[in-house]
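One structure is given below, encoded as C-alpha cells.
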Amino acid sequence: DAGVIQSPRHEVTEMGQEVTLRCKPISGHNSLFWYRQTMMRGLELLIYFNNNVPIDDSGMPEDRFSAKMPNASFSTLKIQPSEPRDSAVYFCASSYENEQFFGPGTRLTVL
Amino acid sequence: DQQVKQNSPSLSVQEGRISILNCDYTNSMFDYFLWYKKYPAEGPTFLISISSIKDKNEDGRFTVFLNKSAKHLSLHIVPSQPGDSAVYFCAATNCGGAGSYQLTFGKGTKLSVIP
C-alpha cells in the first residue's frame, strides 16, 4: 500500500484565497483525521470521520474551515478565505483501530 | 487545558547511551498510549504502544513504561543511535469511549543523538 497520500505537499497562497487540501486514506481504513501542526500549539485535531461521517469537528477553528469525505477513499479540507494565521503543516491520518497512519503533510503558507 | 504533556521540548544524548522521553497525562479515562516518531518534512510514524492493563511493553531497542498511579509514561531507547534523532510525540486515547480512536497528542520532544 502507498500509505496515506496528501496533495499538494506545499501550497503558497495570498490572503483571501480559497485553499483546498486533499487526502487519500489507506484502503480498508474506516477512520480519517485532519490535524494541524504549529510551533505554538503542536499537533491539533481539527476533525475526524468514521465511515465517511464527520464525528467530531470541535477542533475546526472557524467557519472558514470545512471538511468533506464524499467516499471512503477521498477527503478534502477547505479554507475560505485563507488568512496568514492559517499557515501551518496540515496532516491527514487514517486508521482501522487505535494506530493512526499519517500522510506526509501539506505545508501551507498564506501571505 | 493540555491533557497530554511532554514537558521537555528537547533532549540531547550521546550515541550508545539511553534516551528517556517522558510524558504525563491528566485524563484518567485514557487507557491506551502510543509513541510516534517524526522526521522533518514527513508525517509522524507509529513507534510503540501500551495498554493500561500493562506497565511495560518492549520492541527491540524501544521500551515504553506506564505508571498509571502517577499518570506518567516514558519511552526508553537503548542504545541510542544517530538515526533516532527526531521529534517524538506521546499520544493517548480512551478505547471504546466516545470519540474512540481519537488520539490526544503532546507537543513533542526533539531528540538529538550525538555521534
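The values are calculated or read from the model by the stated rules, or taken from the named source; none is laboratory data. Since this is a predicted model, take the numbers as computed values, not measurements. Neighbour counts are summed over all protein chains in view; Cβ atoms, including those assigned to glycine, are modelled from backbone coordinates with ideal geometry. Please note that ligands, DNA and RNA were not included when accessible areas were found on the heavy atoms of the full protein model with its side chains. Shrake-Rupley method; radii C 1.70, N 1.55, O 1.52, S 1.80 Å.
Is it true that residue B:67 is farther than 28 Å from residue A:31 by Cβ and of a type outside the set (Lys, Arg)? The answer is yes for residue B:67. Among all residues of the stretch B:39-46, there is none that is closer than 15 Å to residue B:74 by Cβ and either more than 12 Å from the chain's Cα centre (by Cα) or within 14 Å of chain A (Cβ to nearest Cβ) (or both). Within the stretch A:52-74, not a single residue is of a type in the set (Asp, Glu) and in contact (Cβ under 8 Å) with a residue 24 or more places away in the chain. Flag: residue B:75 does not match the condition of being touching a residue at least 12 places away in the same chain (Cβ under 8 Å), more than 26 Å from residue A:4 (Cβ to Cβ) and open to solvent by less than 70 Å² (accessible area, probe 1.4 Å).
Residue A:22 meets the stated requirement of being out of contact with any Gly (no Cβ under 7 Å at 6 or more places or on another chain), free of Cβ contacts under 8 Å to residues at least 60 places away in the same chain, assigned to a strand (DSSP E or B) and among the basic types (Lys, Arg). Residue selection: residue A:86 satisfies the criterion of being of a type in the set (Asp, Glu), farther than 19 Å from residue B:46 by Cβ and touching a residue at least 24 places away in the same chain (Cβ under 8 Å). Restricting attention to the stretch B:26-41 and to residues that are farther than 16 Å from residue B:9 by Cβ and part of a loop (DSSP other than H, G, I, E, B), the residue that is most open to solvent (accessible area, probe 1.4 Å) turns out to be B:29. Within the stretch B:78-97, if we keep just the residues that are surrounded by 16 or more Cβ atoms within 10 Å (Cβ to Cβ) and free of Cβ contacts under 8 Å to residues at least 60 places away in the same chain, the residue that is farthest from the other protein chains (Cβ to nearest Cβ) turns out to be B:85.
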